[in-house]
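Just so you know, all these numbers are worked out from the coordinates, no wet-lab data involved. It should be emphasised that the depicted structure is a prediction, and the values quoted were computed from it without experimental measurement. Note: ideal-geometry Cβ built from the backbone for every residue, glycine included; neighbour counts use all protein chains shown.
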Amino acid sequence: MTTPSKMPAANGKICVAPSILSADLWRLGEEVKTVEQAGADWLHVDVMDGHFVPNLSFGPAVVSSLNGKTILPLDVHLMVEEPLLFIEPFAKAGADLLTVHIEAKDEIVTALEQIRRLGVKSGISIKPDTVPERIEPLLDLVDLVLVMSVYPGFGGQAFLPESEEQIKRVRGLIARSGRQIWLEVDGGINAQTAPLAIAAGADALVAGSAIFKAADPVLALKQIRQAAPDI
């Protein structure tokens, strides 16, 4: 059995989701409590399989260890070739939202339907070189669209300038759908790029290195918020 999702519906609020890919794993619990107390909205968990992207990261055990220990919704991003192998284990571990890539090998409609059957919020993600209009037929099945503003697989990359146009196009697709859907942006988000992403239409910001690698993560999170007047 899965527990009810803590992920809120899109509501016009700007949310910040620190990515634990950049956290000090030796001190993960402490790092999570720091950003939670600093006002983070969600916790972003990047899952990599070593095939879809050339890196490995977290398994369901990490999500399970966070579930119930933090009040933050667990926003789990499956950067994997075969999401159908991963959805149920991560849902049972306590994911509140599971995002799959439209570029994955598995049948994406089937994957999104499985996520929803398990009582978890669903998301679809696109890489920087993917045509945004590919997601349009899927918008009735998702609660979130994640635009990658870097090529996935590694933390600490710089925000790609062409991402602004991608975000604008996705925001237009969401508007035409008539549904309340989060538009999340992940990659190179910091105090300088957050306003660009928000101006283009983002309402959820993933920030990893800019928060967890900062000398003062609390201040870094606050600066991301202060960088955009609408936050």
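Any aspartates and glutamates with Cα under 13 Å of the LYS168 Cα? List them, leaving off those in the same chain fewer than 8 positions away.
Partners within reach: GLU133, GLU184, ASP203.
List the pair-distance distribution P(r) of segment 160-216, using every Cα-Cα distance, as the percent of pairs falling in each 10 Å bin from 0 up to the bin containing the longest distance, rounded to whole percents.
24, 49, 22, 5, 0
Which value in Å is the Kirkwood Rh of segment 60-125 over different Cα pairs?
Values: mean 1/r = 0.0858 Å⁻¹.
In segment 60-125 this quantity evaluates to 11.6 Å.
Provide the percentage of antiparallel DSSP beta bridges, counting only those with both residues in segment 1-133; round to the nearest 5.
Of those bridges, close to 5 percent are antiparallel.
Over the Cα atoms of segment 1-61, what radius of gyration and what Dmax do you get, in Å?
Reported Rg and Dmax, both Å: 13.8, 35.
Kindly state, to the nearest 0.05, the FRET efficiency for THR130 paired with ARG176, given R0 = 22 Å and r defined as their beta-carbon distance. Could you put the intermediate results ahead of the total?
Numbers: r = 18 Å, r/R0 = 0.84.
Computed FRET efficiency for THR130 and ARG176 comes out at 0.75.
By how many nm would the segment from LEU85 to LEU56 grow when fully extended, if each residue of separation counts as 0.36 nm and the alpha-carbon distance is taken off?
8.9 nm
By how many nm would the segment from ASP24 to THR3 lengthen if fully extended, with 0.36 nm per residue of separation less the alpha-carbon distance?
Working it through step by step, the gained length comes to 4.8 nm.
Given the options THR110, THR99, THR70, state which has the largest fluctuation in a GNM of the chain using a 10 Å cut-off (strictly under) for Cα springs.
Its mean-square fluctuation being the largest, the pick is THR110.
What ranking, highest mean first, results for peptides 39-46, 59-66, 85-92, 27-34 when packing means the other Cβ atoms within 10 Å averaged over each residue?
My ranking of the peptides, most packed first, is 39-46, 85-92, 59-66, 27-34.
Could you work out the mean projected area of the convex hull around the alpha carbons of segment 89-214, in square nanometres to one decimal?
7.8 nm²
Would you mind checking the radius of gyration and Dmax of segment 15-226 based on alpha-carbon positions, in Å?
15.7, 45
Modelling each spin label as a point 7 Å along the Cα-to-Cβ direction, I'd like the GLU113/ASN11 distance in nm, to one decimal.
Taking the two extended label points, one gets 3.2 nm.
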